[in-house]
Amino acid sequence: MERVKINPRNNWQQAVEKLGFGFHSTNIPYWNESAYYKFSMDEVLFIENATVELWDKCLGAVQFVIDNRLCDKFGIPDYIIPLIEKSWIEDHPAIYGRFDLCFKNGKLKLLEFNADTPTSLYEAGIVQWFWLQDLDKNKDQFNSIHEKLIDYWKFLKSYLYDDTLYFTCLKETLEDLTNTEYLRDCAMQAGLNTKLIFIDDIGWDSNNQVFVDLDNLPIKNIFKLYPWEWILKDDFGKQIMLDKNRAFWIEPAWKMVLSNKAILPILWQLYPDCEYLLPAYFDNSHLTDYVKKPLLSREGANIEIVVSNSITQKTNGIYGAEGYIYQELFQLPSYNDNYPVIGSWIIGQQPAGMGIRESNNIITDNYSRFIPHLIA
């Protein structure tokens, strides 16, 4: 793995905007093509194989949590646990997830799994691919995201209700809307009938006890780029339990287990010999160099890095009331003070590609940049 500096394309902003990538810059550029990461084919195969194994072990961990009734360790409300169990036993449709990995000195370690509402999918699947076509069409990427999304929507079609598949996210969130519309476009290419509705506009028909759209039509299938933990704080959560249509929610309720950092100690308990896992626990008595992480947090909020039992770096935020886990410190590699995290995608049951975000410090936050990659 190597970071290579290059000159950005002339008028790169217009090039990415033509693709519908409208959030490439804020106060700092989010999309950064002044460099790329170069991988050998052996390294890509290593990442791909690790993704397969991690996915398999994650499924085993969910089964373990369900069998041993461990949802209390995840801070999950009791009332929703029957839905988690039901969605797992009935294998409710799921589409994707993103493993965040640290690759350093030939070792690859799982930092966490964004299993419910992962973003950066559009950048990884589309924007960096077109960047590569302009840079060098003879090169390749670890990137079959677009094809696998379409193929898996085709596969899921027979498992959904024979009805419209709705796609939802919050209003006025350009990044979420772009990723949601991208997934919707792939579903349309797979032959599904789709419709966009903002989460704010989903209604509840209390007489019939079903979810409805703005035209008062029932919602039976819905993809949401909206976290389960937020749903459970609204009336939504209780209404889902009352829904007479038993709508399919994608990602399904069982993903609450995998998207929660409590899964990291569970994975370590079950698979301590797995070379891709870091020691992780529900208390800090086992470690002296570790990362303290809230069970539920986003954009690097409320993280503490501890070395020799002393805090060396921390971030603020609104998370932590639900509890913490403690994961052995495996510090990101530094490329001239650029710290990359590999996001390896699982789509359906298969590894599908990767995207790389880098920050100027070892905690990846909402100022991280997306950097394209290639295989050489």
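The values are calculated or read from the model by the stated rules, or taken from the named source; none is laboratory data. Worth saying up front: this structure is predicted, and the values here are computed from it rather than measured. No Cβ is skipped: glycine too gets one built from the backbone with ideal geometry, and neighbour counts run over all protein chains shown.
Right, Ala187: in the same structural domain as Cys71 (by TED's automatic domain parsing), crowded, with 21+ Cβ neighbours inside 10 Å and either out of contact with any strand residue (DSSP E or B) (no Cβ under 8 Å at 6 or more places or on another chain) or assigned to a loop (DSSP other than H, G, I, E, B) (or both) or not? Against the criterion (in the same structural domain as Cys71 (by TED's automatic domain parsing), crowded, with 21+ Cβ neighbours inside 10 Å and either out of contact with any strand residue (DSSP E or B) (no Cβ under 8 Å at 6 or more places or on another chain) or assigned to a loop (DSSP other than H, G, I, E, B) (or both)), Ala187 does not qualify.
Residue by residue, here is whether (1) touching a helix residue (DSSP H, G or I) at 6+ places or on another chain (Cβ under 9 Å); (2) outside the structural domain of Ile95 (by TED's automatic domain parsing); (3) buried (at least 24 other Cβ atoms within 10 Å of the Cβ) holds:
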site	(1), (2), (3)
Ile318	no, yes, no
Gly323	yes, yes, no
Asp337	no, no, no
Pro340	no, no, yes
Ser344	yes, no, yes
Ile347	yes, no, yes
Gln350	yes, no, no
Met354	yes, no, yes
Glu358	no, no, no
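Among the candidates Ile240, Ile231, Ile219, Ile250, the residue that is aliphatic (A, V, I, L, M), in contact with a Phe, Trp or Tyr (Cβ under 8 Å, 6 or more places away or on another chain), in the same structural domain as Asp162 (by TED's automatic domain parsing) and more than 18 Å from Trp88 (Cα to Cα) is uniquely Ile219. When each of Val16, Val52 is tested for being among the β-branched types (Val, Ile, Thr) and farther than 25 Å from Asn105 by Cα, the lone residue that passes is Val16.
A residue that is buried (at least 20 other Cβ atoms within 10 Å of the Cβ), under 30 Å from Leu177 (Cα atoms), touching a strand residue (DSSP E or B) at 6+ places or on another chain (Cβ under 7 Å) and not assigned by TED's automatic domain parsing to the domain that holds Pro77 can be found somewhere in the stretch 281-293.
Condition check ((1) in contact with a helix residue (DSSP H, G or I) (Cβ under 9 Å, 6 or more places away or on another chain); (2) assigned to a loop (DSSP other than H, G, I, E, B)) across all residues:
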residue	(1), (2)
Pro8	no, yes
Gln13	no, no
Gly22	yes, yes
Glu33	yes, yes
Glu43	no, no
Thr51	no, no
Phe64	yes, no
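Within the stretch 332-376, which residues are outside any strand (DSSP E or B), hydrophobic (A, V, I, L, M, F, W, C) and within 22 Å of Pro8 (Cβ to Cβ)? So that I can check it myself, show each step before the final result.
We begin by selecting, within the stretch 332-376, every residue outside any strand (DSSP E or B); these are 332-338, 348-349, 360-368, 372, 376.
Okay, now just the ones that are also hydrophobic (A, V, I, L, M, F, W, C), so 332, 362-363, 376.
Correct list: Ala376 only.
So how many residues does the stretch 114-132 have that are part of a helix (DSSP H, G or I) and farther than 17 Å from Pro29 by Cα? I'd like the intermediate steps shown before the answer.
Filtering the stretch 114-132 down to residues part of a helix (DSSP H, G or I) leaves 121-132.
When the remaining residues are screened for being farther than 17 Å from Pro29 by Cα, the result is 121, 125-126, 129-130, 132.
Qualifying residue count for the region: 6.
Tell me, please, whether a residue that is within 23 Å of Leu264 (Cβ to Cβ), surrounded by 21 or more Cβ atoms within 10 Å (Cβ to Cβ) and either of a type in the set (S, T, N, Q) or over 19 Å from the mean Cα position of the chain (by Cα) (or both) can be found in the stretch 89-102. Scanning the stretch 89-102 turns up no residue that is within 23 Å of Leu264 (Cβ to Cβ), surrounded by 21 or more Cβ atoms within 10 Å (Cβ to Cβ) and either of a type in the set (S, T, N, Q) or over 19 Å from the mean Cα position of the chain (by Cα) (or both). Annotation: of all residues in the stretch 4-39 being among the charged types (D, E, K, R) and surrounded by fewer than 18 Cβ atoms within 10 Å (Cβ to Cβ), the one that is farthest from Tyr335 (Cα to Cα) is Lys18. Identify, please: which residue in the stretch 211-237 is β-branched (Val, Ile, Thr) and in contact (Cβ under 8 Å) with a residue 40 or more places away in the chain and is, among those, surrounded by the fewest Cβ atoms within 10 Å (Cβ to Cβ)? Only one residue tops the list, namely Ile222.
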